[in-house]
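Before any comments, here is the structure.
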Amino acid sequence: MKLNLNDITFIIVTYQSDKIIKNCLDSLPTESKKIIIENSNNINLEKELKKKYDNIEVILSSNIGMGAGNNIGLKACKTSYAYVLNPDTKFHDDTLKNLIETLNNINDFTLVSPLNDNKNFPNYKKSNPSTKIAENILSVDSIDGFSMLFNLKKFKNQNFFDENFFLYLENDDLCLRVKKREELIYIVTNSLINHKGSISINDKLEYLRNWHWMWSKFYFNRKHYGYFKAISKISLNFSAACFKYLIYSFLLNSHKKKIYKMRLCGIFASLIGKKSSFRIDN
């Protein structure tokens, strides 16, 4: 295969990310195509980004979630490849050079990512020992959603992210569907990416994340393994959340109590088939 930088469009979904996205964009080549889906509908950020960066399109949106936001960008992409990034990522100087050179030594792929430069937090999963299929390339089961290079020729039906997921596991769901089609997911080990990861969050955002983590976990397992298997897989989380809810109620710790209440509410909502509708303002 022959992959060039001009064949790639970079897609970034943002939500109140004005303090971090510029570091990400500054690490991308100036000439590269970029699509930003701004999920907090920030017109001022749109104007600022268009003024500072070349080859950039900003699409304003309400808070529709990571998967749905990325789908907007993927469907608007005119190049053969699309690179989905989180706004808290940053390329090293040789990230793209090494990635492209390595991929040009293989015949095919569906999803690919550089390796997280923090070795304590690998950005891939593999049930069996990872298979080295060529120099600097590992075959894996899934890659994390903060860095995913799509070969769009493999997605002719535009069956990208499942938009039922609002937060969490949309990347695992996509990767599992790709593997069920017996297609290829790789990590390029000589290409490194920096992911800032967890940042300080306010209480409301923490409640939102806990609700959606449990909702998504049950929905993912129900979708792929069936309702009763999903109940089995979520039972430990349910028991732990009940126990900790009671403990923090006794200790009068309202913040921790609400965290585990949100987990229980997320599980219950997913159990009864409710959509992932919980938002910060709820």
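Yes/no per residue for (1) in a helix (DSSP H, G or I); (2) over 17 Å from Gly67 (Cα atoms); (3) of a type in the set (S, T, N, Q):
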site: Asp173; (1), (2), (3): yes, no, no
site: Ile187; (1), (2), (3): no, yes, no
site: Gly197; (1), (2), (3): no, yes, no
site: Lys204; (1), (2), (3): yes, yes, no
site: Tyr207; (1), (2), (3): yes, yes, no
site: Trp213; (1), (2), (3): yes, no, no
site: Arg222; (1), (2), (3): yes, yes, no
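Being among the basic types (Lys, Arg), touching a strand residue (DSSP E or B) at 6+ places or on another chain (Cβ under 6 Å) and closer than 26 Å to Ser40 by Cβ narrows it down to one of Lys125, Lys90, Lys78, so name that one.
The match here is Lys90.
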Task: Members of the range 126-139 that are touching a residue at least 24 places away in the same chain (Cβ under 8 Å) and in a strand (DSSP E or B) - done: Ile133, Ala134, Ile137, Leu138, Ser139
Task: Scan of the range 93-125 for residues that are part of a loop (DSSP other than H, G, I, E, B), farther than 20 Å from Ser32 by Cβ and either in contact with a Phe, Trp or Tyr (Cβ under 6 Å, 6 or more places away or on another chain) or among the hydrophobic types (A, V, I, L, M, F, W, C) (or both), ordered by number - done: Ile106, Phe121
TODO: State all residues of the range 51-69 that are closer than 25 Å to Ser80 by Cβ and outside any loop (DSSP other than H, G, I, E, B); if no residue qualifies, say none.
DONE: Ile56, Glu57, Val58, Ile59, Met66, Gly67, Ala68, Gly69
Task: Residue that is surrounded by the most Cβ atoms within 10 Å (Cβ to Cβ), among those in the range 22-42 that are modelled with pLDDT of 95 or more and of a type in the set (Val, Ile, Thr) - done: Ile36
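Condition check ((1) under 11 Å from Ile267 (Cβ atoms); (2) at pLDDT 95 or above; (3) surrounded by fewer than 17 Cβ atoms within 10 Å (Cβ to Cβ); (4) among the aromatic types (Phe, Trp, Tyr)) across all residues:
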| site | (1), (2), (3), (4) |
| --- | --- |
| Leu205 | no, no, yes, no |
| Leu208 | no, no, no, no |
| Trp211 | yes, yes, no, yes |
| Trp215 | yes, yes, no, yes |
| His224 | no, yes, yes, no |
| Ile234 | yes, yes, no, no |
| Asn237 | yes, yes, no, no |
| Tyr245 | no, yes, no, yes |
Task: All positions within the range 137-154 that are surrounded by 18 or more Cβ atoms within 10 Å (Cβ to Cβ) and more than 17 Å from Lys126 (Cβ to Cβ) - done: Phe146, Leu149, Phe150, Asn151, Leu152
TODO: For residues that are in a loop (DSSP other than H, G, I, E, B) and among the polar types (S, T, N, Q), scanning just the range 247-282, find the one that is surrounded by the most Cβ atoms within 10 Å (Cβ to Cβ).
DONE: Ser276
TODO: Take Phe218 and decide whether it is aromatic (Phe, Trp, Tyr), touching a residue at least 12 places away in the same chain (Cβ under 8 Å) and within 30 Å of Val112 (Cα to Cα).
DONE: yes
Task: Qualifying residues in the range 70-92 (those that are within 17 Å of the chain's Cα centre (by Cα) and part of a loop (DSSP other than H, G, I, E, B)) - the one nearest to Leu3 (Cα to Cα) - done: Asn86
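Is at least one residue of the range 97-111 under 23 Å from Leu205 (Cβ atoms), surrounded by 15 or more Cβ atoms within 10 Å (Cβ to Cβ) and modelled with pLDDT of 95 or more? Spell out the reasoning first.
First pass over the range 97-111, keeping only residues under 23 Å from Leu205 (Cβ atoms): none.
Taking every residue of the range 97-111 in turn, none turns out to be under 23 Å from Leu205 (Cβ atoms), surrounded by 15 or more Cβ atoms within 10 Å (Cβ to Cβ) and modelled with pLDDT of 95 or more.
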- [ ] Could you look through the range 175-185, keep only residues that are part of a loop (DSSP other than H, G, I, E, B) and out of contact with any helix residue (DSSP H, G or I) (no Cβ under 7 Å at 6 or more places or on another chain), and pick out the one that is surrounded by the most Cβ atoms within 10 Å (Cβ to Cβ)?
- [x] Leu184
Open item on the list: Test of understanding: among Phe161, Phe166, which residue is assigned by TED's automatic domain parsing to the domain that holds Ile21, touching a Ser or Thr at 6+ places or on another chain (Cβ under 9 Å) and more than 13 Å from Thr110 (Cβ to Cβ)?
Closed with: Phe166
Open item on the list: Given the criteria free of Cβ contacts under 8 Å to residues at least 40 places away in the same chain and either closer than 16 Å to Gly266 by Cα or crowded, with 22+ Cβ neighbours inside 10 Å (or both), does Asn164 qualify?
Closed with: no
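The values are calculated or read from the model by the stated rules, or taken from the named source; none is laboratory data. Worth saying up front: this structure is predicted, and the values here are computed from it rather than measured. Neighbour counts are summed over all protein chains in view; Cβ atoms, including those assigned to glycine, are modelled from backbone coordinates with ideal geometry.
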